[in-house]
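See below for the structure under consideration.
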Amino acid sequence: MVSVLKRSLAIITLLIIGYWLAQGLAGVPFGQDRMLVGKYYLENVKAQTGAVNAVTAIVVNYRGFDTLGEVTVLFIASTGVGALLWRRKKKRTAKTEGSVVLRTGSELLFPFILMFGTYIFIHGHLTPGGGFPGGATIATAFLILYMAFVDYEIPHRLFEPLEGLAGMGYVLVGLIGLAIGSYFLFDWIWQTWHWGAANLGRLFSGGFIPVIYTLIGLKVGTELSGIVDSMLTEEVRE
Amino acid sequence: MTLVPEAYVVPLTLFSPLVFGVLAWLFDRDWIREILGVIGAAVPVTVLSLAYEKASSGTISYTIDTGVFKLHFVLNSLSWYFAFIGALVGIAMAFGLSSTSRRGYDWLFSLMSFTGVMGVFLARDFVSLFLFWELMTFGSFMMVLRRNRHESLKYFVLSVIGAYSMLLAIGMVYAKTGTLDYAMASQTLLLLTKMGGVSKAYVDTIFALFLLAFGVKAGVVPLHVWAPGAYGENDQSYTSFFSGVLSKAGVYGFIITLFVMPSLYGIYFAMGTFHGHLTGTYLIAWAGAVTVVVASFLAVLQEDIRKLLAYSSVGQVGYIILALGVFNGVAVGGAMFHVLSHAMFKGLFWLISAALILRTGKTRFEDFGGLAEKMPVTFAMALIAVLSLAGIPPMAGFASKWLIYEGAIQAHMPLVAGTIFLGSALAFAYVVRFLYAVWFGQRPSDLDDVREAPLPLLVGMTILAIPNIVFGIAPGLAVRLINRFFNTNITVNSYYSISTPTGTYNALSVTLVLIVGLAIAGLIYIYGANARKIKVTNTYQSGNPVTEEYNLVIRRNFYRPLAEALDFWLKYSWDRFYERLANLTEDFADWLREGFYNGNVQSYSWYLAIILLILAIWGVL
Amino acid sequence: MSVPHIGLYYFGALSLVLVGIYGVLVKKNLLKILISLSIVETGVNLLLISVGYITGRSAPILSEGIGPKQAVDPIPQALVLTAIVIGVATTAMALSVAITLYEKYGTLNIEEIRRLRG
Amino acid sequence: MNCIPCAEYIIVALMIGSAILAVEWRDLLAAAVGMAAVSLFASILFFLLQAPDVAMTEAAIGAALSGAVVIFAIKRTQRFETEEEERPGWWIRW
């Protein structure tokens, strides 16, 4: 009975709060042009970064420092998962093997998904996507393998150094920018060398966006598959 | 005067105890420590005696400029009187401490509180009053803390309440007057009150806060709960100072609020009258009277020497408060006199208990007995103290109580005068027990090898015992001093004789009569009475079987019938009341913590939702 | 309702947020609370994106025929892009805390956990 | 009749519906699936809002990874929400 009371109280509370929020949102009409900063980015994105996709340009170039911070958060979260679920002896405990369809399908699809993810992050500056979706796609490929095979585990020996190296690479690219230009994460490939200025809108353009997005893609992919791995392996009790 | 230049009088008085205390703490070796401490305590009393002429006829001012504010100290006849009493007990305490304490810690903090008391007495502005007040409280608190954590906590809590109310009152005074000097502040406040710049309620609040602050230190009844524990659970030599002088700092605070600041004095008239008495002072008088009665009854019922003396201390300070509340010349003169005599006899009492505890290691009456033979000098001192406390004529205690009584009668307060009598009777009841149970009667066999108190302790006792007799036989000496700073309406006929408008007390003739009487009684005792020595093994229970549950020996449960008669009243205890209050508060806080800060994520999200809801309703409506 | 016309997407986002908060307020299961929080997160992301939407314009990818004047606001998209990834990582971390709690107390009921902790 | 708006309405309705189901279902596995469904519908809405980058990310992460992570957690703990026994307490502990 009390539970019903609690529920109805929660609903009433939330309806009032929702009404209040909706009234606030009514002052922000849907679908109208309110761009302020975005306009500047859109107008200058091609000339300043060489990227066609404005979102990627913002993520990597204009607000690259924030992205570094977000990657750090990601890293800490995945380390946290690893630390919280750390046991002395860990092993996968799945009991049922995936079905034939799943096994065959995953084996067949795995390289293609991997390739698709790579495609996404390499072409981040041209097409929708970038390092984050690309990395997630790669992690999905490993997830499918985990689901299909009982004793599959990611190649830890490869992934853990790769994760660290990708993060270090990000910082390194930024430091090179600091050395060449005057600030951290200065786009040296584009601004100094104008490399790829001739073929704007093609793969070899966009300054250091593809480089960094490749690193982010590797990092996100390895980290998310690491999270999956940590959550799937359990302590083995003798 | 030539010995100590005028400029050095105040700083020497103020800081020599603290400096020597620190030195004693640093050079923590036997002898060195004691010598340093005694020197530190001896300096103020010496300097003050040398400065007597100057201080009683004029004033000696001293200012410390800290850069931010100035600390003013003035040595005039009033502050000299209090400071000298303090210094006298202080040197006695130092002698006592050199035999009871073996720790630099004790020397440091007891001498620190010594400095604090001197500062409180000499201060002429609120900043220095507060600073030294806190120094004094801190020193005494550390002394209690070392011995008993629980009691020190009680003392701490009440002291903090007192300190904060004092700070608040000082802040309120400063906010309206812009000055911290006593005289300036009180004049400005008076002016503002007359002009309507300050509301009556504001002044009343200041007054009440000051009374709360000083009442805690003086141990007026609802605020006395710290006193028995703090006095008892302490080094007894230090307690002679703690109870003899620190409580007087509270009394001194009452005097400041009553007389030094006439604007506050003015509010008595504003508060109106009650049955022909000024309401404000009448309340103080009754607070004192209640303190006297309650503390005396409790003192009678104690089974532990230290507790008995502690409650007695509270009760005796109650006399002083009562006399200040009676508020006429004679009574206030009596209060001042009682400040002196209480400091002397209660300091003496505590030194005696220090000697007893040092030599026997016992504190309860049932463990004592027959020590008069073993510690004859201490016994003589105890006799003086007992006579003085009980108010037997040739002692200082009689003169001061007589003055207070006269004052109460003159002020037409028969009930208050009655409580003085009741208190005196009860005081007699408990000191008789102290006298008999400790010194006479059967001696327990484990006290057979008790020795006389050590010499320093005896010196300290002597220092305090002499004034008891001197001011008892020559009360005019003290009254003359008091008349210098306060118009008491008491005439001094000679050193031995003082007169109030209603009566005369000639101490010398009383003493002579008493001596003659005692001589006759002694002769009768020696030649007439059929006295014989009783062996230790002899029982003196008149043939009654001694049962444990109703054993009314004077050493054990002697006043149990009284306790049974008072059963109904003893159910109400301030101690228990405060404890219950503390428990309630703790339960409430626990409930809050359990209820609100309960570690349940969902509760926190509910709080968030409710806050959002409030915001929403606020925003929508 | 005196609230003027509110866009469909706003409505959807707001509803997600409210439904999620409802779950947090009412459900006692830790995993359910985390699922609810995840729904709240989706709702907030949707809200941010719909604030940046401009009617009749296309995605901020400046290809043939789409100039700066024909693109929607890219900034909320850039924000949300990273927020989603961070979101899943933090959710995973919270879930591993929940797993640890379950291993220690044998229950996911938050009140039960609170009671067992004392 | 233009079909895009009605599709939008349907998707939003489905999304809210699956959100409510995700919150209400006592079977946590079903709830996780519901959560993934919410993400999937949201990703369609992102696409309709001209945010293809976000739509891709949401589809990959919200629908696949976070659902999977929750399911793994369920696997390691328990599948069903326990019935709450009604313990009378004060207001917060209904």
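Yes or no: residue A:152 part of a helix (DSSP H, G or I) and in contact with a helix residue (DSSP H, G or I) (Cβ under 8 Å, 6 or more places away or on another chain)?
For residue A:152, the condition - part of a helix (DSSP H, G or I) and in contact with a helix residue (DSSP H, G or I) (Cβ under 8 Å, 6 or more places away or on another chain) - is not met.
Considering each residue of the stretch C:63-105, count those that are more than 7 Å from chain A (Cβ to nearest Cβ), surrounded by fewer than 24 Cβ atoms within 10 Å (Cβ to Cβ) and more than 20 Å from residue C:35 (Cα to Cα), and give that number.
10
So, in the stretch A:3-56, how many residues would count as being within 30 Å of residue A:188 (Cβ to Cβ), surrounded by 13 or more Cβ atoms within 10 Å (Cβ to Cβ) and within 8 Å of another protein chain (Cβ to nearest Cβ)?
13
Considering only the stretch D:55-94, state which residues are out of contact with any Asp or Glu (no Cβ under 7 Å at 6 or more places or on another chain), under 26 Å from residue C:106 (Cβ atoms), modelled with pLDDT of 55 or more and at the interface with another protein chain (Cβ under 7 Å from one of its Cβ atoms).
Once the filter is applied, which keeps residues that are out of contact with any Asp or Glu (no Cβ under 7 Å at 6 or more places or on another chain), under 26 Å from residue C:106 (Cβ atoms), modelled with pLDDT of 55 or more and at the interface with another protein chain (Cβ under 7 Å from one of its Cβ atoms), the stretch D:55-94 yields D:66, D:68, D:69, D:70, D:72, D:73, D:74, D:77, D:78, D:81, D:82, D:84.
At pLDDT 85 or above, more than 16 Å from residue B:609 (Cβ to Cβ) and more than 7 Å from every other protein chain (Cβ to nearest Cβ): is that true of residue C:43 in this structure?
no
Of the numbered conditions (1) more than 19 Å from the chain's Cα centre (by Cα); (2) more than 22 Å from residue B:288 (Cα to Cα); (3) not acidic (Asp, Glu), residue B:415 fails exactly one; give the number of that condition.
Condition not satisfied by residue B:415: (2).
Quick one: how many residues across the stretch B:576-608 are more than 30 Å from residue C:30 (Cβ to Cβ) and either of a type outside the set (A, V, I, L, M, F, W, C) or loosely packed, with under 10 Cβ neighbours inside 10 Å (or both)?
Adding up the residues that qualify gives 8.
List every residue pair whose Cβ atoms sit under 7 Å apart, with the two residues 6 or more apart in sequence or on different chains, where the first one lies in the stretch D:24-53 and is within 14 Å of chain A (Cβ to nearest Cβ) and the second, anywhere, is of a type in the set (Asp, Glu) and not in a loop (DSSP other than H, G, I, E, B).
Sorted first by the residue in the stretch D:24-53, then by its partner, the pairs are D:39/D:58; D:43/D:58; D:46/D:58; D:48/D:8.
Which condition number in (1) under 20 Å from the mean Cα position of the chain (by Cα); (2) away from chain C (no Cβ under 14 Å); (3) closer than 30 Å to residue A:82 by Cα is the one that residue A:219 fails?
All conditions pass for residue A:219, except number (2).
Would you call residue A:87 outside any loop (DSSP other than H, G, I, E, B) and either facing chain C (nearest Cβ under 7 Å) or within 28 Å of residue A:231 (Cα to Cα) (or both)?
So residue A:87 does not fit the description; no.
Condition check: among the β-branched types (Val, Ile, Thr), part of a helix (DSSP H, G or I) and surrounded by fewer than 22 Cβ atoms within 10 Å (Cβ to Cβ). Does residue B:239 satisfy that?
no
Go through (1) touching a helix residue (DSSP H, G or I) at 6+ places or on another chain (Cβ under 7 Å); (2) surrounded by fewer than 24 Cβ atoms within 10 Å (Cβ to Cβ); (3) modelled with pLDDT of 85 or more; (4) under 21 Å from residue B:471 (Cα atoms) and name the single condition residue B:394 misses.
Here residue B:394 clears every test but (3).
Kindly provide the set of residues from the stretch A:182-221 that are among the small types (Gly, Ala, Ser) and not in a loop (DSSP other than H, G, I, E, B), ordered by number.
Matches in the stretch A:182-221: A:217, A:221.
Each row is one residue, and each column tells you yes or no for (1) modelled with pLDDT under 90; (2) crowded, with 18+ Cβ neighbours inside 10 Å; (3) closer than 22 Å to residue A:150 by Cβ; (4) in contact with a Cys (Cβ under 9 Å, 6 or more places away or on another chain).
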| residue | (1), (2), (3), (4) |
| --- | --- |
| A:64 | yes, yes, no, no |
| A:67 | yes, yes, no, no |
| A:78 | yes, yes, no, no |
| A:91 | yes, no, yes, no |
| A:113 | no, yes, yes, no |
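Consider residue A:101 carefully, then state whether it is loosely packed, with under 15 Cβ neighbours inside 10 Å and of a type in the set (Val, Ile, Thr).
yes
Quick one: in the stretch C:52-62, of everything that is closer than 17 Å to residue A:30 by Cα and out of contact with any Lys or Arg (no Cβ under 9 Å at 6 or more places or on another chain), which residue is farthest from the other protein chains (Cβ to nearest Cβ)?
Ranking the candidates gives C:56 first.
Go over the candidates A:178, A:185, A:218 one by one and state the one that is at pLDDT below 90, buried (at least 22 other Cβ atoms within 10 Å of the Cβ) and within 26 Å of residue A:65 (Cβ to Cβ).
Criteria check complete, one pass: A:185.
For residue B:54, all conditions in the list (1) surrounded by 15 or more Cβ atoms within 10 Å (Cβ to Cβ); (2) within 26 Å of the chain's Cα centre (by Cα) hold save one; what is the number of the exception?
Only one criterion in (1) surrounded by 15 or more Cβ atoms within 10 Å (Cβ to Cβ); (2) within 26 Å of the chain's Cα centre (by Cα) is unmet by residue B:54, namely (2).
Looking only at the stretch A:62-74, count how many residues are out of contact with any Leu (no Cβ under 8 Å at 6 or more places or on another chain) and more than 9 Å from every other protein chain (Cβ to nearest Cβ).
Matching residues across the stretch A:62-74 total 2.
The values are calculated or read from the model by the stated rules, or taken from the named source; none is laboratory data. Worth saying up front: this structure is predicted, and the values here are computed from it rather than measured. A quick note on method: Cβ atoms are made from the backbone with ideal geometry, for glycine too, and the neighbour counts reach across all protein chains shown.
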